[in-house]
Amino acid sequence: MAGMHNGNVSTATSAAEEPPPSSTDRRPRLLVRLFRAATSSALATGISQVSLIGLLWWGAAPALASAVAFVAGAIPNYFLARRWAWGRRGTPAVRRELLPYFLVIGLTGLASVGLTTLAGHLTEPLELSGFVRIIVLDAVFLAGYAIVFVMKFALLDRIVFRRAGRIHVAKSPT
């Protein structure tokens, strides 16, 4: 019977199947990218947390403290995530990678800063003690990070760090 080999149907590579990684496609698989992006984001969050708590402790306004803290984490996160989560090496293309990255990070940063600033305004009339206020603002800052992480990952994965080109699989002759 045609197409049979040792009792098994021979499998021809179809266009719908995912091709094996080629030398030009070094991106880790989706779940690996997600785990690595989450890990690099957790490290960036740690850097941001130290910055935020320190700045709030020294009396900085919530908007300034959260903005500086966000940038303090975003810079190392870019380099770590780009290399480790998405397997990118070399000089980034400004229009295809850097500008979209800054747009995505800027939007998620505005969300985090906005939530922290809003929490600062809402907690002001409560006259919370310094330590309690820092904890509340920090919790809001962390919640903002958690809320936007999934959206940020999807945008970075599908827009900023997408494959440079699609790999086509040739069908086997039948």
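HN-Hα J couplings of the range 37-44 from phi, Karplus 6.51/-1.76/1.60, θ = phi - 60°, integer Hz, Gly and Pro as x?
With the stated coefficients, the range 37-44 comes to 5, 5, 5, 5, 5, 5, 5, 4 Hz.
Kindly report the accessible area of the range 42-152 per residue (heavy atoms of protein chains, probe 1.4 Å, no ligands, DNA or RNA), in Å².
It amounts to 56 Å² per residue over the range 42-152.
Compute the signed sum of charges (Lys and Arg +1, Asp and Glu -1) over the other residues within less than 15 Å, Cβ to Cβ, of A146.
Charge balance near A146 sits at 0.
Given 0.36 nm per residue, what is the gain on full extension from I135 to F102 after removing their alpha carbon distance, in nm?
Difference between extended and current length: 9.0 nm.
Rounded to the nearest 0.05, what FRET efficiency is calculated for R95 and A38 with R0 set to 30 Å and r the Cβ-Cβ distance?
The pair R95/A38 has a calculated efficiency of 0.65.
Per residue of the range 82-89, what does 6.51 cos²θ - 1.76 cosθ + 1.60 with θ = phi - 60° give for ³J(HN,Hα)? Whole Hz please, x for Gly and Pro, Karplus curve as stated.
The phi angles translate into 4, 7, 7, 6, 10, x, 8, 9 Hz.
Dividing the alpha-carbon radius of gyration of the range 29-81 by 2.2 N^0.38 Å (N being the number of residues), what value is obtained?
Normalised Rg, Cα atoms only: 1.28.
If you add up the charges near S41, with Lys and Arg at +1 and Asp and Glu at -1, over every other residue whose beta carbon is less than 15 angstrom from its beta carbon, what do you get?
Taking every other residue near S41 into account, the sum is +4.
Treat each spin label as a single point 7 Å out from the Cα along the C-beta direction, and report the R162 to A143 distance in nm.
Calculated label separation equals 3.4 nm.
The values are calculated or read from the model by the stated rules, or taken from the named source; none is laboratory data. Bear in mind that the values here come from a model prediction, so they are computed numbers and not experimental data. Here the Cβ is made from the backbone with ideal geometry for all residues, glycine too, and neighbour counts use every protein chain on show. In case anyone asks, the SASA skips ligands and DNA or RNA and just uses the protein heavy atoms, side chains included. Shrake-Rupley method; radii C 1.70, N 1.55, O 1.52, S 1.80 Å.
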